[in-house]
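**Student:** Sending over a structure as structure tokens; questions will come in a sec.
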Amino acid sequence: MWRLSPVSKRSFLVAIGMLVYLVNPLLAGAECSLSFLPIEESKYLLKGEGFDGVAALTFTVDYDTAYLFAPDVTVMGGNLLEQDRGASAPPGKLRLHILNQDRNAAFEATIFFQKRGDYPPVINFVTAEATDPSGAVSPVPVQMAAPVNLPQEEVPAATSPPNDAPPSSQEEAAELLRRELGVPRTESAPPAAPQKTKAVFERFRDFSGGKSLAAFRELFADVDVCCRQTPSIVIADGKRTARVAISGVEAGDGPPAFTVRGGMLVSAQRGSDGEEWIVVVQPFENWWDVSLSATFANAVVDFPLTVTPAIGIPRGKLAQIKEKSYMLRLQSFLAGKPGKALSKYPLWLREYLYTANYLAAREGAGK
């Protein structure tokens, strides 16, 4: 029976290790490739190839929150963990996990952001790690179409490039990568910037006219011509939902991106007539600042929902208040009985809360 000397044993183990490294395409990194491509302003494509031997992929997109916010993701060729969708904690680092349960060789992840101001969007870097079926993790390099996107005032002064210089703009670099990856160019114009609509509670804050039930009721009218909320006022008890119908928008080739602030996105689907989108939102308990953002092919919608916390007065009693005695009842509420817990809020907000609860109760009684 023969034995290996210590030196021969070390050489044998090194040789075995090198053989395993070369045989395993994931560890060798010879097969996997990732590219990060800007396809529209605030919209990016992460494309992976050679991932049939990969069980899961984790990637991190580091972005500047001064220019981008509210990320969302759609995936083709893999399964995105639902708890990661639209998540970014901490803000500025979008970390996502894609499961490759069907062992697809290729996948695409489209990442949508909302954009702040007129500055160009800023992606700092993208990193990725692949996990094989045994649980081994290894980094995967990411080819980016362009280096860090600097804000305009930080871009160095242009010089005359030589004839063989690389592309001088992000758009030119993106076009070259589009051709290389075979990604069709989108001919439609980028979505228009969202036009901010005042929420009803903001109208109460800015209201300076004569106070009356008729004047207050008028502040709830015509919130947004492209969106309809049902019911028109939602009590934020953590259970009730609002149905928002969005019309006059085009979906484009990909699905629209929806994000909710101050609540949870329950569902989103195209209406039966194909002319609108139906989105169901569940406001968080005791919130009144709730909004829905939606990015379509031709527009970005930023719709503030009309939401109010309950004020501790039974809906039946509120619904029975006559319009003639409304202002008297409101003054009693503002004086502290009931509603002492709300006394810390400014006057305009307490007027909004009481009026919103009253109108919601009347609407419910009417039905």
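**Student:** Within segment 263-287, count every residue that is in contact with a Pro (Cβ under 6 Å, 6 or more places away or on another chain) and not in a strand (DSSP E or B).
**Tutor:** 1
**Student:** A further question on this structure: So, residue 240, is that one basic (Lys, Arg), under 25 Å from residue 111 (Cα atoms), touching a residue at least 12 places away in the same chain (Cβ under 8 Å) and out of contact with any helix residue (DSSP H, G or I) (no Cβ under 7 Å at 6 or more places or on another chain) or not?
**Tutor:** Against the criterion (basic (Lys, Arg), under 25 Å from residue 111 (Cα atoms), touching a residue at least 12 places away in the same chain (Cβ under 8 Å) and out of contact with any helix residue (DSSP H, G or I) (no Cβ under 7 Å at 6 or more places or on another chain)), residue 240 does not qualify.
**Student:** Looking at segment 41-73, which of its residues are modelled with pLDDT of 80 or more, surrounded by fewer than 20 Cβ atoms within 10 Å (Cβ to Cβ) and of a type in the set (Ser, Thr, Tyr)?
**Tutor:** Listed by number, the residues that qualify are 58, 60.
**Student:** Out of 289, 222, report the one residue that is in contact (Cβ under 8 Å) with a residue 60 or more places away in the chain and among the acidic types (Asp, Glu).
**Tutor:** Going through 289, 222 in turn, just one is in contact (Cβ under 8 Å) with a residue 60 or more places away in the chain and among the acidic types (Asp, Glu): 289.
**Student:** Kindly evaluate residue 258 against the criterion of being aromatic (Phe, Trp, Tyr) and over 18 Å from residue 199 (Cα atoms).
**Tutor:** Yes; evaluated as a whole, the condition is true for this residue.
**Student:** For residue 86, only one of the following conditions fails: (1) crowded, with 17+ Cβ neighbours inside 10 Å; (2) modelled with pLDDT of 75 or more. What is its number?
**Tutor:** (2)
**Student:** A follow-up question, please. Looking at segment 355-366, is at least one residue part of a loop (DSSP other than H, G, I, E, B) and assigned by TED's automatic domain parsing to the domain that holds residue 201?
**Tutor:** Within segment 355-366, none of the residues are part of a loop (DSSP other than H, G, I, E, B) and assigned by TED's automatic domain parsing to the domain that holds residue 201.
**Student:** Just a yes or no: is a residue in segment 300-314 over 35 Å from the mean Cα position of the chain (by Cα), over 21 Å from residue 111 (Cα atoms) and either assigned to a strand (DSSP E or B) or at pLDDT 90 or above (or both)?
**Tutor:** yes
**Student:** Residue check: is residue 292 buried (at least 16 other Cβ atoms within 10 Å of the Cβ) and either at pLDDT below 90 or closer than 30 Å to residue 245 by Cβ (or both)?
**Tutor:** yes
**Student:** Test of understanding: among 301, 266, 307, which residue is buried (at least 17 other Cβ atoms within 10 Å of the Cβ), within 21 Å of residue 69 (Cα to Cα) and in contact (Cβ under 8 Å) with a residue 12 or more places away in the chain?
**Tutor:** 301
The values are calculated or read from the model by the stated rules, or taken from the named source; none is laboratory data. Just so it is clear, the model here is predicted, and its values are computed rather than measured. Neighbour counts are summed over all protein chains in view; Cβ atoms, including those assigned to glycine, are modelled from backbone coordinates with ideal geometry.
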